[in-house]
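Peer 1: Structure incoming, see below.
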Amino acid sequence: MIKKKIGILVLFATLFSLGINAQRATSIRINEILVVNEDNYVDDYGKHSGWIELFNSSAGTVDLKGCYITNDKNNLTKYMIPKGDVLTKIRPRQHTIFFADNNPGRGTFHVNFVLDPYMDNYIAIVDADGKTLIDEVTVPAGQIADTSYGRLIDGEKEWAQLTKVTPSTNNLTLDSNEKIDNFKQNDSFGIGMTVSAMAVTFMGLLLLYLIFKQVGKISIAASKRNAKKAKTGAINAENDDLAGEEAGEVFAAIATALYEVTEDVHDLENTVLTIHKVTRNYSPWSSKLYGLREIPRK
């Protein structure tokens, strides 16, 4: 149990430290720079000027307040990004633009220097302590107008002149579909695409046929089972009814027989007088009682 608690605490501490690191400005990268801006991205005053794009490569929001942007290796604190501006917070994997117009009075995102198209331009971003170098790059002299110099992939190491200027968005953008381009190159007449489409359609229809056929078989089998069960139930019910009728007839015959047997006990009709001769040991007429009286003589 103790080991489990220790493991949870270590994991929490690790995640907490990663969260803290994600909030630090050390994850900011100089991502794209446009030195000569003749007919490109304009600032909030409608002016064309060179600009510097910063990119947040971390998984957390980073606040640039108090950090510095400079074009001078000997002066790392040339332009301090003001504090208190909510727009200095850069969300994860997002961008922000600083205009190099030497006019900081126009707002937070206007630095106090310009970019020179005829010489190398050193650009650096420095942490709030004024000493820790976060990122730096040197833009070669002779940049083409309205063509930016930036990382081929946001936050990665390789720099080059970009064929498309992408302020405040990803440097790598896709203007074509790789699969379509591959078909155009290898199957210009569309034969392969047609065959592929027909094969996919045929396979889909075949699959539907097999599915519906199997479902039909299952339905028919279920119907037959239900019909058989219903027929069996009807036969059983009929047999039960016949058995009940036979039992009633038997009971009626038994009752009739019992009645006739009980009635045969009285074999003499009640309208016929039957006299039975009784044999006695003495006659009441010869009794001595009658001989003790004398009949009066007249």
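Peer 1: Go through 194, 26 and list them by solvent-accessible area, largest first, probe radius 1.4 Å.
Peer 2: Reading off the accessible areas and sorting them downward yields 194, 26.
Peer 1: Please list, in chain and number order, the residues 5+ apart from residue 94 or on another chain whose amide H is under 5 Å from its amide H, with Hs placed from the backbone.
Peer 2: Amide H to amide H, under 5 Å and 5 or more residues apart or across chains, residue 94 pairs with 56.
Peer 1: Then there's this: Heavy-atom accessible area per residue, the stretch 59-106, 1.4 Å probe: how many Å²?
Peer 2: Spelled out: the 1.4 Å probe surface of the stretch 59-106, per residue, equals 54 Å².
Peer 1: When all protein chains stay in place, what accessible area (Å², nearest 10, 1.4 Å probe) is found for residue 259?
Peer 2: Counting only protein heavy atoms, residue 259 exposes about 140 Å² to solvent.
Peer 1: Continuing with this model, one more query. Between the DSSP loop rule and a limit of at most 10 other Cβ atoms within 10 Å, which GluC sites (Glu not before Pro) in the stretch 79-171 are left?
Peer 2: Answer in residue order: 158.
Peer 1: Roughly speaking, what % of Cα-Cα pairs in the stretch 16-121 are separated by over 23 Å, rounded to a whole number?
Peer 2: When all Cα pairs of the stretch 16-121 are counted, 28 percent exceed 23 Å.
Peer 1: While we're looking at this one, here's another question. Under a 1.4 angstrom probe, counting protein chains only, how are 200, 215 ranked by accessible area, largest first?
Peer 2: Correct descending sequence by accessible area is 200, 215.
The values are calculated or read from the model by the stated rules, or taken from the named source; none is laboratory data. What you are looking at is a predicted structure, and each value in this text was computed from that prediction instead of being measured. Here Cβ is always computed from backbone atoms with ideal geometry, including for glycine, and neighbour counts include all displayed protein chains. Note: areas computed on protein heavy atoms with side chains; ligands, DNA, RNA excluded. Shrake-Rupley method; radii C 1.70, N 1.55, O 1.52, S 1.80 Å.
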